[in-house]
1. Work out the FRET efficiency for E34 and E137 from their Cβ-Cβ distance, taking R0 = 45 Å, and round it to the nearest 0.05.
2. Dimensions of segment 44-133 along principal axes (Cα, Å, largest first)?
3. State log₁₀ I(q)/I(0) for segment 110-166 at q = 0.16, 0.22, 0.23 Å⁻¹ as given by the Debye formula over alpha-carbon point scatterers of equal weight, solvent excluded.
4. Ranked by Cβ crowding within 10 angstrom, fewest neighbours first, how are M3, M134 ordered?
5. Which residue, D100, D73, D86, has the most motion in a Gaussian network model of the chain that connects Cα atoms within less than 10 Å?
6. May I ask you to list the residues of segment 48-92 whose amide nitrogen lies under 13 Å from a point 7 Å from Cα along the Cα→beta-carbon direction of T10?
7. Hey, what did the chain get for relative contact order, percent, Cα under 8 Å, at least 6 apart?
8. Would you look at the GNM of the chain, springs on alpha carbons closer than 10 Å, and say which of A69, A165, A135 moves the most?
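Any read-out appearing in this document is the output of simple, stated calculations on the displayed coordinates, not a laboratory observation. In this text the structure is predicted, and so the values were computed from the model without any measurement. Neighbour counts are summed over all protein chains in view; Cβ atoms, including those assigned to glycine, are modelled from backbone coordinates with ideal geometry.
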Amino acid sequence: MDMPIHADITLHVNGEEHRLNVDTRASLLDVLREDLGLTGSKKGCDHGQCGACTVVLNGRRANACLALAVAHDGATVVTVEGLADDGQLSPVQQAFIDNDAFQCGYCTPGQLCSATAVLDEAARGWPSAVTADMASEPALDDTEIRERMSGNLCRCGAYVGIVAALREAAGEPNEAAADPRAAARRIQEGARA
Ligand code: FES
Ligand code: FES
């Protein structure tokens, strides 16, 4: 049987440089969890379908289970462990707590990394598939948030709180917080559509 091939790479993770010798078949998720002990990023499906492993890779969100570590030599990675600043929760983390945006918490690290990148994408004016006016900065209303967060599944169904948390963190009027039943209905209708 052929022996595994290893390669030297450098990753900048949550502000720290790591020189690693990785199996060339290893995913970024496995390297983060197994080699660096950063177990915040979760393995849900290991197939790019649930978003539990989402990290911010070179400034953009990515499913770490689908990224080969060896292909990202020199990359900058932010995991859920790197979102807080010196023990101070990030605005997105605080908004998740304030809006009851999780239950079991398994999907939450991926949701938080994804949500952090969504705010950045909207601030940069990047449109989504549901942005009506491509020329103006997209407002993060419920439809935009649901579309942009659609790659992050929550088996506990904490979607109402997640949408509310993003709107709060984005500084948008919080429809879900004002009328949670109506917001839940719209989210269920969207899920069925
Ligand atoms: S574990 Fe990566 S998308 Fe599910
Ligand atoms: S909070 Fe349990 S899966 Fe999302």
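1. Working: r = 40 Å, r/R0 = 0.89.
Given R0 = 45 Å and the Cβ-Cβ separation, E is 0.65.
2. Computed over segment 44-133, the largest-to-smallest principal extents equal 38, 36, 28 Å.
3. Treating every Cα as an identical point scatterer, log10 I(q)/I(0) equals -0.45, -0.81, -0.88.
4. Values: M3 5, M134 8.
Neighbour counts put them in this order, fewest first: M3, M134.
5. D86
6. Only 73-76 pass the distance filter.
7. Numbers: 322 pairs, mean separation 36.2, N = 193.
Averaging sequence separation for qualifying contacts and normalising by length gives 19 percent for the chain.
8. In this elastic network of the chain, the residue with the biggest mean-square fluctuation among A69, A165, A135 is A135.
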